[in-house]
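Single-structure report; data block below.
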Amino acid sequence: MGPIIDSAPITLRPAHGELRTSLEQLAQLYRHDMSEFLGHLPAADGRFAFSNLPLFFDEPGREALLIQYGTAPAGFILTRPTLEGETSISAFFVVRALRRRGVGQQAALHLLCSRPGAWAIAFQEANAGAARFWRGIATAAVGSAWHEETRPVPPPAPANLPHDHWIFLSTGTQGLADA
């Protein structure tokens, strides 16, 4: 039996060594959740493909972070640099038992505000929970100093994928916005 949900510290840890295995397992849950919006089906072995995941462990500039709730793995964040110089949050996942409990908000704000700079965050508008979450995070981090754009998913993605919605913001050393 896993830990009982009460109140525990939220930490972000680079997913090296045994933490990589935890993140890879959580990535299957993430891909399952996203299948609702992107139409992905599991392969014959029952696993969802995530061919870009190894890049976040091996490619310079990319990062895989495990979100921990106390000592329990609670989710993950994958980041990468964009050609325009922002840091993109390529994937963000929190296990269902900890959603709407502030875990994701705390992890996202900690990441954005502890690493000053330009950020780009993509989400699917059809994923109403993600849309609300990221708009709320942007406002909590920088007030109204953010903007949103809709862009097609670049090739080699299938042409029938819905367009990505992107939030762009810059965090500074001052911390959270006064909201």
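Within the range 73-107, name every residue whose backbone N is under 15 Å away from a label modeled 7 Å from Cα of SER114 along the Cβ vector. Only 74-79, 103-107 pass the distance filter. With the charge dipole of the range 10-171 set up from +1 on Lys and Arg Cβ and -1 on Asp and Glu Cβ about the Cα centre, the Cα lying farthest toward the positive end among the listed residues PHE56, TYR69, ALA138 is that of TYR69. Under the convention that each Lys and Arg Cβ holds +1 and each Asp and Glu Cβ holds -1, the size of the dipole of the range 10-171 around its Cα centre is about 520 debye. What residues of the range 110-133 lie in the reach of a label at ASN52, counting those whose backbone N is under 14 Å from a point 7 Å from the Cα along Cα→Cβ? Label zone hits: 120-124.
Each label was represented as a point 7 Å from its Cα along the Cα-to-Cβ direction; for ARG13 and GLN106 these points are 1.6 nm apart. Three semi-axes describe the equivalent ellipsoid of the range 10-171; taken as square roots of 5 times the Cα gyration tensor eigenvalues and ordered largest first, they are 22, 20, 16 Å.
Values in this text are rule-based calculations from the coordinates and carry no lab data. Note that this is a predicted model, so its numbers are computed, not measured. Glycine gets a Cβ as well: all are built from the backbone with ideal geometry, and neighbour counts include every protein chain shown.
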